[in-house]
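These notes are about the structure you will find just below.
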Amino acid sequence: MNYKRSIIITGGAGFIGSHVVRLFVNKYPDYKIINLDKLTYAGNLANLKDIEDKPNYKFVKMDICDFDGVYKLMQDEHVDGIIHLAAESHVDRSIKDPFTFADGHAEPVASSEAVLGEPA
Ligand SMILES: NC(=O)c1ccc[n+]([C@@H]2O[C@H](COP(=O)([O-])OP(=O)(O)OC[C@H]3O[C@@H](n4cnc5c(N)ncnc54)[C@H](O)[C@@H]3O)[C@@H](O)[C@H]2O)c1
């Protein structure tokens, strides 16, 4: 099927991401929704059991800091939008390991902007 749009939602197995993924998959059957999540302690695909077999849904286990992997996925799936919700979201962990937090927030945003900004 040719989808009208192809959208990556990062962190789609997390608390907020799973609700956003479900909303988009059900509300926009003509959009392909790709849930990109590394499945840390916070990610749980059981949150998405009810939509895992929908034709417009795809799960990809990947780290958002894997530039080459994300780049290839974006090219292969003709991605034209990203909703970025993957994060190390727990405050206590950010105090213990601030660099992981910085990597998980700034680097992937810069990388995806670089890819989306490339001429088709
Ligand atoms: N929960 C809230 O009340 C709330 C409120 C306002 C804003 N936010 C923001 O929304 C975003 C999501 O919050 P949440 O509560 O859903 O977090 P969460 O911890 O429940 O989920 C984060 C998800 O990101 C994934 N993830 C983490 N690092 C990754 C990486 N490097 N690559 C790929 N996937 C990775 C995890 O596996 C998990 O599924 C965060 O930026 C948070 O700051 C949350």
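The values are calculated or read from the model by the stated rules, or taken from the named source; none is laboratory data. On a predicted model such as this, the values are computed, not experimentally measured, just so you know. Every residue, glycine as well, gets a Cβ built from its backbone with ideal geometry; the counts of neighbours run over all protein chains shown.
Structure notes:
- The single condition among (1) part of a helix (DSSP H, G or I); (2) surrounded by 15 or more Cβ atoms within 10 Å (Cβ to Cβ) that Gly43 does not meet is (1).
- Apart from one condition, Glu107 fits all of (1) at pLDDT 90 or above; (2) in a helix (DSSP H, G or I); (3) farther than 21 Å from Asn2 by Cβ; the exception is (1).
- Looking only at the stretch 10-25, and only at residues there that are of a type outside the set (D, E, K, R) and more than 10 Å from the ligand (Cβ to nearest atom), the one that is nearest to Lys61 (Cα to Cα): Val21
- Candidates Ser18, Ser6 - the one that is under 14 Å from Ile82 (Cβ atoms) and of a type in the set (S, T, N, Q): Ser6
- Pair list, Cβ < 9 Å and 6+ apart or interchain, from the stretch 65-80 residues that are among the small types (Gly, Ala, Ser) to residues that are modelled with pLDDT of 95 or more and exposed (fewer than 13 other Cβ atoms within 10 Å of the Cβ): none
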